[in-house]
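This report refers to the structure that appears directly beneath it.
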Amino acid sequence: MVTIDGGMSTPPGTPLELWVVAFMRIIMQLIWPIEVLLIHAWGCIPLRVRYTLTTTAFDAIVGIHRLLDSKSGYHPSLSVQAHALSTVMKGGRYLPMSIPRIRLGLDSISYCYPPIEGIPTTEVDLGLNSKGLSYYIRSGGASPSLGQDVFEGRRLVVWVGLGTGCDVFVADYQRYPEGNMQEALDDAIKGYKWAAEKYKPENIMLLGISSGGGIATLVVQHLLKENIPQPAGLVLLGPWLVYIKVFNSIRDNTDLDLTVSPRVFELIFPMMDDICGGESKRKQISPYFGPREGMCPVHISYSDIEVCVDECKAFANRLREAKVDVSVLEKKHLMHAYQIFFDFLPESAEAMDEISLWVRRKFLERQKFLEAQKPKTT
């Protein structure tokens, strides 16, 4: 058991698990130079080749699960693809984490989807003749400024844009340790203001996943404080919203969550004072405690066993108390940020389809409302 963050500790684990983790920590230290070379070499392989290798390997694992009728996931009702992904990801709880390993995992999102050619800019026009914009706040790898590269995250949001019928925009906010939470938020706010100059606020939909969901929420709350027009809506996928000890699932569910394992928890939480700009600022910058009255419509999507489930449910209730239009989608027995696997898992594809429908509906409702506010001509 590792005690951190004012008494907060990781689940103790079995003696065998702890022995394996200790052994792996020694091995990873010994082969660290080789690991660095392998990560670099993998990144040099053309994206289409990485995508082909990844999907071919995963298809083979799915085929084995079908043949053996293997149920390695947390519930028999899960799809065979979800069981196969569980088999792949379960080993992560034994692997000591580092920032390069976290970033490698997040950047793997880029080769989980078919490569998209000819995307040289951050703003991506999908040729849909759309007046709408999806502004995607990328994931930070369990910390609000740690992980995913803007180029890698942009490939995911293009597919989101195709589903919602919007153009897309990704802000390249600073990552930890190069920057802290406030600097990441400042960058994201600048991104929104840039987008609002090109698209009217009522035509902008903010979308954030994991800690990116926290940043997206902070952006909307900043707009409230400054009396700046709200976007059409806010989509939060497994958002991390509380940076102090309030809810238990952020720790306890690491035993169940395949994305945020105990090893990820052990890496991230000792950094949180530094990430938030000091211990005294952790509550202040937590979006869970920020203003809510007057917020745009919010859609929150999460899993019932993920690490952020407690705060997602509680935040939805706080939004309802503030008379905010909030929609909630809870999926069963899946990992944190399961939505990013919509090219692999039927459960993820279903969730993303629902999100796309919600986005289209809120754009339409906002446009109808604004039309009704226009003075009638005689």
Single match in VAL36, VAL2, VAL62 (criterion: loosely packed, with under 14 Cβ neighbours inside 10 Å and either modelled with pLDDT of 90 or more or within 27 Å of the chain's Cα centre (by Cα) (or both)): VAL36
Pairs where the first residue, in region 316-336, is of a type in the set (Gly, Ala, Ser) and the second is in a loop (DSSP other than H, G, I, E, B), C-beta under 6 Å, 6+ apart: ALA322/ARG292; ALA322/GLU293
Residues within region 287-314 that are open to solvent by 10 Å² or more (accessible area, probe 1.4 Å) and in a helix (DSSP H, G or I), tallied: 5
Any hit, region 265-272, residues being at pLDDT 95 or above and closer than 30 Å to ARG101 by Cβ: no
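Give region 222-249 a look and list any residue that's over 29 Å from GLY191 (Cα atoms) and open to solvent by 10 Å² or more (accessible area, probe 1.4 Å), or say none.
Narrowing region 222-249 to residues over 29 Å from GLY191 (Cα atoms): 245-249.
Once the filter is applied, which keeps residues that are over 29 Å from GLY191 (Cα atoms) and open to solvent by 10 Å² or more (accessible area, probe 1.4 Å), region 222-249 yields LYS245, VAL246, PHE247, ASN248.
For region 350-371, name all the residues that are open to solvent by less than 30 Å² (accessible area, probe 1.4 Å) and either assigned to a loop (DSSP other than H, G, I, E, B) or hydrophobic (A, V, I, L, M, F, W, C) (or both). It would help to see each step written out before you state the result.
At the first step, the residues of region 350-371 found to be open to solvent by less than 30 Å² (accessible area, probe 1.4 Å) are 351-352, 355-356, 358-359, 362-363.
Selection gives ALA351, MET352, ILE355, TRP358, VAL359, PHE363.
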One residue from TYR192, TYR176, TYR199 being at pLDDT below 80 and among the aromatic types (Phe, Trp, Tyr): TYR176
Filter result (crowded, with 23+ Cβ neighbours inside 10 Å and touching a Ser or Thr at 6+ places or on another chain (Cβ under 7 Å)) within region 269-286: ILE275
Region 16-47, residues that are under 19 Å from ARG263 (Cβ atoms) and of a type in the set (Gly, Ala, Ser): ALA22
Members of region 65-79 that are within 25 Å of the chain's Cα centre (by Cα) and not hydrophobic (A, V, I, L, M, F, W, C): SER72, GLY73, TYR74, HIS75, SER77, SER79
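The values are calculated or read from the model by the stated rules, or taken from the named source; none is laboratory data. Since this is a predicted model, take the numbers as computed values, not measurements. Every residue, glycine as well, gets a Cβ built from its backbone with ideal geometry; the counts of neighbours run over all protein chains shown. Protein only, heavy atoms only, side chains kept; ligands, DNA and RNA dropped before computing areas. Shrake-Rupley method; radii C 1.70, N 1.55, O 1.52, S 1.80 Å.
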